[in-house]
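For reference, the structure is listed below as C-alpha cells.
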Amino acid sequence: MALLEILAFPHPVLKEKAKPLDGVNAAIEKLVQNMTDTMYHAPGVGLAANQVGVPKQILVLDVSSAEEAKNTLVIINPQIIELSKETETTEEACLSVPDFRAEVERAVRIVVAGKDLNGEDLEIDAEGFLARVLQHEIDHLNGMLYIDRIGKLKRQRYVRRRKKALAEKK
C-alpha cells in the first residue's frame, strides 16, 4: 500500500483536462490500487487521478456506508452520456478543496459509460448520492472543481482565504 499525495487547490494539474487511457497495464493497476488506498485513508468517497497528479481519465469511488463492506468502483475513461433534467442542490466537499463546503446543483440521475480495469465496457445508471459523486469526480477529470459551480462571490472568498492560508505557511 502506497499512499499518494492529494493535491489541493490551487495546484495547476487540478485544472487540466485528463487524457483518455488506451489500455490498462501493470503501472495503471498499481496506480488504481494506490488511489483506492489513498481514498480510503483520506477518508473520501471518490478520487480522480488528477487529484494525485496524474492527468489520466481514471476514477475510484465507494459510496457504501461505514457499516457496509467496501465496494470500490473503478472507471476508466468515464463519460456522462445522459443527465436528468431534474436537479437537486446539496452540500459538497472535496479532498482537493480543503476547509470548505458549499451547496452545488447536480442532476438527480445520470448514465455514465466507461471501462473497468479489465477493459470491459461499463454503463452505470445512477441516482442520488452515487450520481452526485460520479458527476463530482468526472468534473475533476474535465479540469473542473466543485467551486467552479458555485456563486462567484463565495468562490472568490474561498480563493482569497486559501491563498492567505498558503502564504502564512511560507
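Read-outs: derived from the displayed coordinates by stated rules, not from any lab. Note that the structure is a prediction, hence the values are computed from the model and not measured. Positions of Cβ are generated from backbone atoms using ideal geometry, with glycine treated the same way; all protein chains shown enter the neighbour counts.
What ranking do 47-54, 7-14 get when scored by the average of other Cβ atoms within 10 Å per residue, highest first? Provide the component values of the computation, followed by the final result.
On the way: 47-54: 23.6, 7-14: 15.6.
Result, highest mean first: 47-54, 7-14.
Where a ≥ b ≥ c are the square roots of the eigenvalues of the C-alpha gyration tensor, would you call the range 34-122 rounded, which needs a/c under 1.5, or, failing that, prolate if a/b is larger than b/c, or oblate?
Rounded, since a/c falls under 1.5.
Across the cross-link table entries Lys15/Lys152; Lys19/Lys70; Lys19/Lys115; Lys56/Lys170; Lys70/Lys154, which are compared at the Cα atoms, the separations over 26 Å belong to Lys19/Lys70; Lys56/Lys170; Lys70/Lys154.
Is the chain rounded, prolate or oblate when judged by the Cα gyration tensor, a ≥ b ≥ c being the square roots of its eigenvalues, rounded requiring a/c under 1.5 and prolate requiring a/b larger than b/c? Oblate is the answer for the chain, as a/c is 1.5 or above yet b/c matches or exceeds a/b.
Of the GluC sites (Glu not before Pro) found in the range 1-59, those in coil by DSSP whose Cβ has at most 11 other Cβ atoms within 10 Å are Glu5. 3J(HN,Hα) couplings calculated from phi for the range 23-37 with the Karplus curve 6.51 cos²θ - 1.76 cosθ + 1.60 (θ = phi - 60°) are, in sequence order, x, 10, 10, 4, 5, 5, 4, 5, 4, 4, 5, 5, 5, 5, 4 Hz; Gly and Pro show x.
Which aspartates and glutamates, on any chain, are close to Lys164 with Cα under 16 Å apart, when same-chain ones fewer than 8 places away are left out? Counting by Cα, and skipping residues close in sequence, Lys164 has these aspartates and glutamates nearby: Asp99.
Using R0 = 25 Å, the C-beta based FRET efficiency linking Ile81 and Gln33 works out to 0.35.
Candidate cross-link partners of Lys30 among the aspartates and glutamates, defined by an alpha-carbon separation under 19 Å and a same-chain spacing of 8 or more, comprise Glu5, Asp22, Asp62, Asp116, Glu120.
By the gyration tensor of its Cα atoms, with a ≥ b ≥ c the square roots of the eigenvalues, what is the shape of the range 1-65: rounded for a/c under 1.5, prolate for a/b over b/c, or oblate? Could you put the intermediate results ahead of the total?
Numbers: a/c = 1.60, a/b = 1.08, b/c = 1.48.
Judged from the Cα gyration tensor, the range 1-65 comes out oblate (a/c at least 1.5, b/c at or above a/b).
In terms of the mean number of neighbouring beta-carbon atoms within 10 Å, the peptides 116-127, 30-41 order highest first as 30-41, 116-127.
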